[in-house]
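The values are calculated or read from the model by the stated rules, or taken from the named source; none is laboratory data. Worth saying up front: this structure is predicted, and the values here are computed from it rather than measured. A quick note on method: Cβ atoms are made from the backbone with ideal geometry, for glycine too, and the neighbour counts reach across all protein chains shown.
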């Protein structure tokens, strides 16, 4: 891949994460009228906030890599350590989400949305910090890599390992 294609891909990844973040919050505000009590609001707000925090980390990381194209040493000393700490913070926040779901779940639809948000957060966390889950638009490529145990470490995981 040439430098222009890499630059375009990094911009697409960074802005894609931001667009997803904004979309989730717009959906929250659109459905907020159906959240009739504080338990329902907490049930949606907590996993949405965790997901937003994780998506923001991804977006920032892609923009760091974009900046490194012109300045190879940009934040090189701090990125791995910072994301190592964020990985732990995210894991704790995800674990806290389970009791929040259990203690506040009452309405089936709101609980289902909350579970979806928490599961999406877990998938994003795995994708950022453990293994790369997206390879191309053909899901059979992922399934084949999963079967053959050839999933690649995520870019952030490799950055953490460097430190």
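For the range 1-30, filtered to residues that are exposed (fewer than 14 other Cβ atoms within 10 Å of the Cβ) and in contact (Cβ under 8 Å) with a residue 60 or more places away in the chain, the residue that is nearest to residue 128 (Cα to Cα) is 6. Only one of the numbered conditions (1) within 30 Å of residue 161 (Cβ to Cβ); (2) modelled with pLDDT under 95; (3) part of a helix (DSSP H, G or I) is violated by residue 89, and that is (2). Do we find a residue being surrounded by fewer than 17 Cβ atoms within 10 Å (Cβ to Cβ), at pLDDT below 90 and at negative phi anywhere in the range 113-131? Within the range 113-131 (the criterion being surrounded by fewer than 17 Cβ atoms within 10 Å (Cβ to Cβ), at pLDDT below 90 and at negative phi), the answer is no, since none of the residues qualifies. Out of the residues in the range 132-163 meeting the condition of being modelled with pLDDT of 90 or more and in contact with a helix residue (DSSP H, G or I) (Cβ under 8 Å, 6 or more places away or on another chain), tell me which one is surrounded by the most Cβ atoms within 10 Å (Cβ to Cβ). So, considering only residues that are modelled with pLDDT of 90 or more and in contact with a helix residue (DSSP H, G or I) (Cβ under 8 Å, 6 or more places away or on another chain), the one surrounded by the most Cβ atoms within 10 Å (Cβ to Cβ) is 156. Among the residues of the range 32-65, those identified as free of Cβ contacts under 8 Å to residues at least 12 places away in the same chain, assigned to a helix (DSSP H, G or I) and more than 20 Å from residue 125 (Cβ to Cβ) are 32, 33, 38, 41. The condition of being more than 12 Å from residue 156 (Cα to Cα), within 12 Å of the chain's Cα centre (by Cα) and crowded, with 20+ Cβ neighbours inside 10 Å holds for residue 50. Scanning the range 87-107 finds one or more residues that are surrounded by 18 or more Cβ atoms within 10 Å (Cβ to Cβ), in contact (Cβ under 8 Å) with a residue 60 or more places away in the chain, more than 21 Å from the chain's Cα centre (by Cα) and under 28 Å from residue 49 (Cβ atoms).
Could you list, in sequence order, all residues of the range 68-80 that are surrounded by 12 or more Cβ atoms within 10 Å (Cβ to Cβ) and either touching a helix residue (DSSP H, G or I) at 6+ places or on another chain (Cβ under 8 Å) or modelled with pLDDT under 95 (or both)? Those that are surrounded by 12 or more Cβ atoms within 10 Å (Cβ to Cβ) and either touching a helix residue (DSSP H, G or I) at 6+ places or on another chain (Cβ under 8 Å) or modelled with pLDDT under 95 (or both): 69, 74, 75, 76, 79, 80.
Taking the range 104-148 on its own, how many of its residues are within 25 Å of residue 87 (Cα to Cα) and outside any loop (DSSP other than H, G, I, E, B)? Residues in the range 104-148 being within 25 Å of residue 87 (Cα to Cα) and outside any loop (DSSP other than H, G, I, E, B): 21 in total.
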